[in-house]
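*Asks:* My questions all concern the structure below.
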């Protein structure tokens, strides 16, 4: 009996003296007793717990999360009128952490059911306070674009999403940063439309290139024609100048001298024929006429 009493006394002393529990880096803690949470938010380090008290941890470390969402996009018909858009799938990636604020932390501890083994996880807080807000904010931003516009404005969209998330989560226990759309899946009909547009742009570019080649050929032809005309003009001017120079040098005295020289040649040729005893007529003709048919016939008859 005495031993039993001593054992009970030892257990009581241990309960009265208490023990310590650790709040690791990146966490906050609160003591949960039989009557609820103590008011104080505990920082990193070891803290005393008494009797049936339990230290509940809250994870404040930064985490990265990705969320997949389907969004109905804005769209227009061929006349530019709005119509129900097609659905696109997106993946949004961002960093988040719990806000290190005592009032916010106290509110969370009273709002969220505590797992005594895991404490209050950042993922549990995110699911309650942030996820619905982020989904709604992202859809509100992205649905203002058509599928084609999302491809051309990814940087702008990322910026708008980040601003909208910070605005809507300003009073939330969650802080979000570095929000980026990492993936977007286009509907097949939009992909086909974009491919058709690209094919048409390529065809137009090819046609424009061919037109440029044809225009260049024409321009070159015109340039060559101008050069030929200039050359012909220069040749004509040179020939005219040459004829003018020749004409200016042929005086009456020169022409008479040339006639006498030719007459002398004809006389010498006639004399030589007469003294040689040859018979027949003597025919004089221009050298340029030597190969004509008439001259050939005349010379044959003279033999």
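Taken together, the values in this text are just the output of simple stated rules run on the coordinates, not laboratory data. Note that the coordinates shown come from a computational prediction; the quantities given were computed from them, not determined experimentally. A quick note on method: Cβ atoms are made from the backbone with ideal geometry, for glycine too, and the neighbour counts reach across all protein chains shown.
*Asks:* Listed highest first by mean packing, meaning other Cβ atoms within 10 Å per residue, what order do 123-132, 266-275, 32-41, 144-153 come in?
*Replies:* 123-132, 144-153, 32-41, 266-275
*Asks:* Here's another thing I want to ask about it. List 180, 120 from most exposed to least, where exposure is judged by having the fewest other Cβ atoms within 10 Å. Could the numbers behind the result be given before it?
*Replies:* Values: 180 16, 120 24.
Least crowded to most crowded, the residues run 180, 120.
*Asks:* Using every pair of alpha-carbon atoms in the stretch 59-185, split the distances into 10 Å bins beginning at 0 and state the percent of pairs per bin, rounded to integers.
*Replies:* Using 10 Å bins, I get a P(r) of 12, 40, 26, 15, 6, 1, 0 for the stretch 59-185.
*Asks:* Could you give the nm distance between label points at residue 103 and residue 257, where each point is 7 Å from its Cα heading toward the beta carbon?
*Replies:* Inter-label distance under the simple model: 12.9 nm.
*Asks:* Moving on. With labels modelled as points extended 7 Å from the Cα through the Cβ direction, what inter-label distance (nm, one decimal) is found for residue 89 paired with residue 19?
*Replies:* Modelled inter-label distance: 4.9 nm.
*Asks:* Separate question: Among 143, 122, 172, which comes first, then next, by fewest other beta-carbon atoms within 10 Å?
*Replies:* Working: 143 13, 122 22, 172 19.
In order of increasing Cβ crowding within 10 Å: 143, 172, 122.
*Asks:* Between residue 154 and residue 118, what is the label-to-label distance in nm when each label sits 7 Å out along the Cα-to-Cβ direction?
*Replies:* About 3.4 nm separates the two model spin labels.
*Asks:* Among 65, 264, 30, which comes first, then next, by fewest other beta-carbon atoms within 10 Å? Write out the running numbers ahead of the final one.
*Replies:* Numbers: 65 16, 264 10, 30 27.
Listing 65, 264, 30 from fewest to most nearby Cβ atoms yields 264, 65, 30.
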